[in-house]
1. Round to the nearest 10 and give me the degree value, 0 to 90, for the angle of helix A:370-381's Cα axis relative to the longest principal axis of chain A.
2. Once both labels are modelled 7 Å past Cα along the beta-carbon direction, what's the A:GLN411-A:ARG660 spacing in nm?
3. Quick one: which of A:LYS101/A:LYS197; A:LYS761/A:LYS874; A:LYS830/A:LYS872; A:LYS761/A:LYS872; A:LYS137/A:LYS524 span more than 19 angstrom between C-alpha atoms?
4. Taking the Cα centre as origin and putting +1 on Lys and Arg beta-carbons and -1 on Asp and Glu beta-carbons, what dipole magnitude results for chain A, to the nearest 20 debye?
5. Are there trypsin sites (Lys or Arg not before Pro) in segment A:159-209 that DSSP puts in a loop and that have at most 16 other Cβ atoms within 10 Å, and which ones?
6. Relative to 2.2 N^0.38 Å, what does the C-alpha radius of gyration of chain A come to as a ratio? Two decimals please.
7. What aspartates and glutamates could a cross-link reach from A:LYS666, if we take a straight Cα to Cα line under 13 Å and drop same-chain neighbours fewer than 8 places away?
8. Where a Cα-Cα gap under 17 Å defines reach, which lysines qualify for A:LYS394, not counting those fewer than 8 residues away within the same chain?
Amino acid sequence: MSHIHELPKAYVPADAEAKWYPFWEENKLFHGRVNPDKPAYSIVIPPPNVTGILTIGHVLNNTLQDILIRYHRMRGYEVCWFPGTDHAGIATESKVQKSLKAAGQPGRDELGREKFIAKVWDWKEKYGGTIISQLRKLGTACDWERERFTMDEGLSRAVRKVFVELYKKGYIYRGQRMINWCPVSKTALSDEEVIYKEVDGKFYHIKYPLADGSGFLEVATTRPETMFGDTAVAVNPDDPRYRHLIGKMVKLPLTDREIPIIGDEHADPEKGSGCVKITPAHDPNDFLVGQRHNLEVINIMNADASLNDRAGKEFSGLDRYAARDKVMAELEKLGLVIGVEPIRHAVGFSERGDVPIETLISYQWFCNMKELAKPAIDAVESGKIKFYPERWSKTYFHWMENIQDWCISRQIWWGHRIPAWYNDAAGEVYVGMEAPSAPGKWRQEEDVLDTWFSSWLWPFSIQGWPDDTAELKYFYPTCDLVTGPDIIFFWVARMIMAGCEFMGEIPFRNVYFTSIIRDDTGRKLSKSLGNSPDPLDVIAEYGADALRFSIIYIAPVGMDIRYSNDKCELGRNFANKLWNCCRFRQMQGEVSDSFRKLNADPSGLTADEKWMIASIDAAVGSIETAFREFRFHSAAHELYELVWSKVCDWFVESEKVRLRGGEAEKLQAVRVLDYVIFKVLRLLHPFMPFVTEELAHSMGYVEDGESIMNERYPEPGEDGVFADAEIVKYVESKFALVSAGRALRSNCDIPDNRKVRYYIKAVDAAAADFLNTEVESLKMLMNASDVEIGLADYDAAGSGAAPSAIGDIGTVYLPLAGVIDLDAERAKLKKQRGEFEGWIRGTEAKLRNERFVAKAPAQVVEDAKRQLEELKQKLERVNELLSALD
RNA sequence: GGGCGUAUAGCUCAGUUGGUUAGAGCGCCACGUUGACAUCGUGGAGGUCACAGAUUCGAGUUCUGUUACGCCCACCA
């Protein structure tokens, strides 16, 4: 047999990766076509930000999608994975600003709108493909011909269409409302873009003097600098301490204004002094109070959160925090400070800028979500859309049932400009897909839309909507969505609403929420902490398959993952194990005729071969179930166990006997190995695409120019003809006996490399018959010079007593030519006897318990009885062994 | 203030509908470089399943409460 193509000793991932990804891509193997002959399976990628670089989070997310895509293709679906990137308005705009600044070039404000946007496009063309090329390194089978960007013309058209339709329905409106303002990005934000953090602050107690000079009110606030916007002080109308003051005026310190004392239930007598300053322009609650009492709304802030001239000359232009200190200093001088106490309270931070946001009154565009939410709630409630893990639906319902209007306008330039035009002279507003005629009279809205206003259309805009495309008919709704729970509101919920509203159909059927990845000490991964590994480094060091497999293997369902690069050793070692398994097979000769279908007489298979085939079939069943339930890690564990333990540790080792035997034996062994290995490669392909493709070719299972990704995925129950439950049990008992025999050797300090003799006393004639067929296998597995099988007790007369161990189908002895520590052996057996007796007592007690016998299922009782019998037999055997030592 | 999640071996985690003696990987100890693999093999040590109750013939698994940690939501001046 020629060994021309002998594989290298270890798997070299870089070679396979460099070879196969271009092959797949050039042969358009990832391309999804509208194909009525097949069922469709589609996924839309959660579009990464163009500014993004690949993180471990992306690796997990995209590996899962890739597994689903490759699995379904192999299961006979026409699959399409729609990829693309998101323009990420605020993030990209600030990134480009930073890069302009770093390059010493004129920034956004100097350039003006058009030139700045041109710069952003330049940047996007140059760097926006980074994450896409990094995804390729991972092996993702995206249909790159369909790659889209959320600001492509087609997608922009979808955005405008949606805006116009929602405007016409009256859902989208422009209004003056309390919004979240980011002083760094200088734009409004949606509620979802505000992150509340507990911070240490101060609670300031201040005197507001009564205008009539009769005293003062004590107000408590965490934000004294907003006092310039105060237009009232509220007390609770039922609060006897202050009730009589309602209607009087207080002098607002540091100003020449007087403001009224009002009665409003917003004032909580239990909190602070029971008096609360009312700043309608800068606090959501105060705004409502202001509306109830017709209070003036005084905005005292500039866009950058410095105070404006409504705060008076001395404070105008000061940053909010500087102003706070100065206000307190001035109040101190006036003797108006009662005290300051530390307080821990929640402060809203902007998601992107990571600075405290301001709440303030502003004209913005909003979308009323109430009606949109209804069918979207129903879609999940009715089970049309399923969440995995299911519990996220609770989070979803809670948010959806309390959904607020969505602030969709942003005061930035990079994004979809709102398709609204103002005719100032006539005081008219026009909203439409295109600019109105007579452009001179109309000026377009300066604001752009929230980035998510394009993302929420992704599942259909990416397929050509609003055109009625063949893709939409075939691939929509998509099947599975894989994303992180952190964007359930931002994206998932809104996509469901948009799908129901504009397509009249849910956008996807299943949503799998991935785990959040942390470092191995449990901290969130972040750039600033420097604990965010670069997946490309990992791929270079361990290989893409190793990274993919490891992260799936360690990712528990619905829990955080503790990740560190060294965890990838698991995947690397596993790929190498698989590699060497194939390498070993290849050393046995050319590929056989049995890698797809086993060409063998079922009755002619050895017990081990039947066991192997049954084991792989069982694993296929578990994997199938795991896929159905989105339990990817259990599929990975199943495969690991199958390859490493079942195939390599037991089957290959045992089968070496036959591979070194006669021609017929060898041929059959090789056939079974081919059959098993090709199944394993196909089972593993979705998880480890590179090494499996490489091996499928070098083993000769897949022709040049073809790909394993187009092979059929093994299905459970394919091998019923080889099934034999009795034999499987015997083989497993044989392996247990082997382990026991090895332990005897180890306990006697006999080196593994020294051949020894064993004697096995079979429990009955059937077991003896079976074991007699397995002598060569036993010799191989136990590294024995000889294994004698018999029904008689071990004959101690010739060579003295021997250490022994009890198994289900026999007792294995290790005769040692006189070197046995009788005391140790007795102690071991006595210990074992004690254990057996304990279990027997327990089982007997159970069986004597009438309620157990009456209430437990018959099967359980039967099992207990059988166990008792087996235990008693084993006990008897221990006793025999003990008496033999005397 | 509400909601959710987690607690099992030194570490990271499995443990499907309650059913003998609770598993894996890594780490640790001992032995082994036999012609697939030292990215390996064989054997071994290591756990009163967070705590307290309850249900049950039987609880790591179900229920209640407690503790600890984490996350989400909420207008706490």
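1. 10 degrees
2. Rounded to a tenth, the inter-label distance reads 8.2 nm.
3. A:LYS101/A:LYS197; A:LYS137/A:LYS524
4. 1060 debye
5. A:LYS169, A:LYS186
6. The reported ratio for this selection is 1.28.
7. A:LYS666 reaches A:GLU590, A:GLU609, A:GLU655, A:ASP674.
8. A:LYS374, A:LYS384, A:LYS386
The values are calculated or read from the model by the stated rules, or taken from the named source; none is laboratory data. Bear in mind that the values here come from a model prediction, so they are computed numbers and not experimental data. No Cβ is skipped: glycine too gets one built from the backbone with ideal geometry, and neighbour counts run over all protein chains shown. We work out accessible area using only protein heavy atoms, side chains counted, and drop any ligands, DNA or RNA first. Shrake-Rupley method; radii C 1.70, N 1.55, O 1.52, S 1.80 Å.
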